[in-house]
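Asker: So that we are looking at the same thing, I have put the structure below in structure tokens.
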């Protein structure tokens, strides 16, 4: 695979791993799961030049924490690239384990509109199946589907009591993009608080580009800091801002 090219005025255009995405079809159809370690390792092959990872010394000794990063996506760079780079950084630091990160899918898909007519987005049906195939938690935020949100959150919090790998979170959801930091989705503050009560600190991570992917891990926010914060999500986003 040839390396993507960029000039001084244009960001690198990373190939979309369509073959990998297509390979999820059988898992989506059958309700099975793929090997996330192998999946994200292949994605890393699409990232040239290789990412620069900084701040690994900041990571806790135990991988039992919430990994919180900015939703870094733009034309020519899919959020799957960002998630793949982060997942492999965690895997390489803590060693084998599948999945290396249990990501929370926070996307709220807007409805399709054709003039005055409005349709439910097909993503609302497809996303949970894709999330399951990739060992992710699909949670609708912002009050879009309260019953489904409550059910998904109960499952996440129950499993978080025994998790031995990071739970990954892009608090901005699809509103976030490269170079722009937005507020966390409604409900993220309560989720971080509940996870802190279960003993999970939050590790902020800033994703940016300096001619290549740059991943910077920051100092963990302790459970005490998160529980004492007026808004744990806003506090975490501020720490991320300092890393980009």
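The values are calculated or read from the model by the stated rules, or taken from the named source; none is laboratory data. The model shown is predicted, which means the values in this text are computed figures rather than measured ones. For neighbour counting, all protein chains shown are included, and Cβ atoms are generated from backbone atoms with ideal geometry for every residue, glycine included.
Asker: Let me spell it out: the conditions are (1) more than 14 Å from the chain's Cα centre (by Cα); (2) under 22 Å from residue 192 (Cβ atoms); (3) surrounded by 14 or more Cβ atoms within 10 Å (Cβ to Cβ), and residue 68 meets all of them except one. Which number is the exception?
Answerer: Residue 68 satisfies all of (1) more than 14 Å from the chain's Cα centre (by Cα); (2) under 22 Å from residue 192 (Cβ atoms); (3) surrounded by 14 or more Cβ atoms within 10 Å (Cβ to Cβ) except (1).
Asker: Now for a separate question. With respect to the numbered conditions (1) in a helix (DSSP H, G or I); (2) within 17 Å of the chain's Cα centre (by Cα); (3) more than 14 Å from residue 67 (Cβ to Cβ), which one is the sole condition not fulfilled by residue 159?
Answerer: Unmet condition: (2).
Asker: Of everything in region 22-37 that's assigned to a helix (DSSP H, G or I) and touching a residue at least 24 places away in the same chain (Cβ under 8 Å), which residue is surrounded by the most Cβ atoms within 10 Å (Cβ to Cβ)?
Answerer: Of the residues in region 22-37, the ones assigned to a helix (DSSP H, G or I) are 22, 25-30, 36-37.
With touching a residue at least 24 places away in the same chain (Cβ under 8 Å) added as a condition, the list becomes 27-28, 36-37.
Numbers: 27: 16, 28: 17, 36: 23, 37: 17.
Among those that are assigned to a helix (DSSP H, G or I) and touching a residue at least 24 places away in the same chain (Cβ under 8 Å), it is 36.
Asker: Among the candidates 155, 129, single out the residue that is modelled with pLDDT of 85 or more and surrounded by 13 or more Cβ atoms within 10 Å (Cβ to Cβ). So that I can check it myself, show each step before the final result.
Answerer: Numbers: 155 fails: surrounded by 13 or more Cβ atoms within 10 Å (Cβ to Cβ).
Sole residue among the options that is modelled with pLDDT of 85 or more and surrounded by 13 or more Cβ atoms within 10 Å (Cβ to Cβ): 129.
Asker: Which condition number in (1) at pLDDT 85 or above; (2) under 15 Å from the mean Cα position of the chain (by Cα) is the one that residue 177 fails?
Answerer: Checking residue 177 against (1) at pLDDT 85 or above; (2) under 15 Å from the mean Cα position of the chain (by Cα), the one that fails is (1).
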